[in-house]
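**Q** Got a structure for you, written out below as structure tokens; questions coming shortly.
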Amino acid sequence: MISTAGFSGYNFDPCTRSGHQTSGSQGRRPRYATDISPWPLYAGRGTGIGPDLGMVDHVTPSKRSEIMRAVRSRDTGPELSLRTMLHRAGYRYRLHVKELPGTPDIVLPRLRAVIFVHGCYWHGHAGCSKAALPKSRVEFWRAKVMANRSRDRARISELKQAGWAPIVVWQCELRDPARVLRRVTDFLQQAEA
């Protein structure tokens, strides 16, 4: 049996993959099954390490629907991050121009360039861990994501035919902001030439 003594008082955040020591929690009773597993930090999170407990939803279907409806389509964290980087680099742009196909997130009219900031889950980023389908209602989500991908391809094609230069920035790429900024500025310089 593996001792869990070293893990008491340690909180793990699966989103940031980081943890921190909590004060006064030494000797606490385990709250979750993962607290006493041999893989206390990763078990059941789809990492391939330890037993996968599956994706058990802890809220009712109506509450889950309400949560999913609240996911915004504009002014998302990744979009705001990219907008800040572009502004600091000296680029000025318009946002969400409805007259263009697909309502691009960022439009640079002078350069005739548009930038889409896609969430990996909603737009089905191939090979990305954030794009994994949930284990419930798989067919529904697969159809939804495939429809999104098909619509994205059609809108990009329409923009190219209209003389616009489109680029897609994925949510997961923004983990390395310098690399994304370099890629986008190279693209914008090519559009300017």
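**Q** Going residue by residue through the stretch 131-145, is there one that turns out to be assigned to a helix (DSSP H, G or I), among the basic types (Lys, Arg), over 18 Å from Leu82 (Cβ atoms) and in contact with a strand residue (DSSP E or B) (Cβ under 7 Å, 6 or more places away or on another chain)? Before the answer, list the steps.
**A** To start, the set of residues in the stretch 131-145 that are assigned to a helix (DSSP H, G or I) comprises 131, 138-145.
Next, from what is left, pick out any that are among the basic types (Lys, Arg): 142, 144.
Filter once more, so that each one left must be over 18 Å from Leu82 (Cβ atoms): 142, 144.
Subsequent filtering for residues that are in contact with a strand residue (DSSP E or B) (Cβ under 7 Å, 6 or more places away or on another chain) retains none.
Looking for residues that are assigned to a helix (DSSP H, G or I), among the basic types (Lys, Arg), over 18 Å from Leu82 (Cβ atoms) and in contact with a strand residue (DSSP E or B) (Cβ under 7 Å, 6 or more places away or on another chain), one finds none in the stretch 131-145, hence no.
**Q** Here's something else I'd like to know. Just the residues that are in a helix (DSSP H, G or I) and surrounded by 13 or more Cβ atoms within 10 Å (Cβ to Cβ), please, taken from the stretch 96-130. Walk me through how you get there before you give the answer.
**A** First, pick out the residues of the stretch 96-130 that are in a helix (DSSP H, G or I): 109-111, 120-123, 129-130.
If the condition is that a residue be in a helix (DSSP H, G or I) and surrounded by 13 or more Cβ atoms within 10 Å (Cβ to Cβ), then Pro109, Leu111, Cys120, Tyr121, Trp122, His123 are the ones that fit.
**Q** Which of the residues that make up the stretch 136-168 are of a type in the set (D, E, K, R) and within 18 Å of the chain's Cα centre (by Cα)?
**A** Step one: filter the stretch 136-168 for residues of a type in the set (D, E, K, R), giving 137, 139, 142, 144, 149, 151-153, 155, 158, 160.
Within the stretch 136-168, Arg142, Lys144, Arg149, Asp152 meet the criteria.
**Q** Which of the following residues is under 17 Å from Cys172 (Cα atoms) and surrounded by fewer than 18 Cβ atoms within 10 Å (Cβ to Cβ): Ser81, Ser157? First the steps, then the outcome.
**A** Working: Ser157 fails: under 17 Å from Cys172 (Cα atoms).
Matching residue, one of Ser81, Ser157: Ser81.
**Q** Here are the criteria: (1) under 15 Å from the mean Cα position of the chain (by Cα); (2) at pLDDT 90 or above; (3) on the phi < 0 side of the Ramachandran plot. Tell me which single one Thr84 does not satisfy.
**A** (1)
**Q** Continuing with this model, one more query. Would you please name the residue that is nearest to Ala131 (Cα to Cα), looking only at residues in the stretch 160-169 that are in contact with a strand residue (DSSP E or B) (Cβ under 9 Å, 6 or more places away or on another chain) and surrounded by fewer than 20 Cβ atoms within 10 Å (Cβ to Cβ)? Spell out how you get there, then give the answer.
**A** First pass over the stretch 160-169, keeping only residues in contact with a strand residue (DSSP E or B) (Cβ under 9 Å, 6 or more places away or on another chain): 160, 164-169.
The next check asks that each one be surrounded by fewer than 20 Cβ atoms within 10 Å (Cβ to Cβ); those that pass are 160, 165, 167-168.
Values: Lys160: 26, Ala165: 26, Ile167: 19, Val168: 16 Å.
If we take residues in the stretch 160-169 being in contact with a strand residue (DSSP E or B) (Cβ under 9 Å, 6 or more places away or on another chain) and surrounded by fewer than 20 Cβ atoms within 10 Å (Cβ to Cβ), then Val168 is nearest to Ala131 (Cα to Cα).
The values are calculated or read from the model by the stated rules, or taken from the named source; none is laboratory data. Worth saying up front: this structure is predicted, and the values here are computed from it rather than measured. Note that each Cβ is placed from the backbone with ideal geometry, even for glycine, and that neighbours are counted across all protein chains shown.
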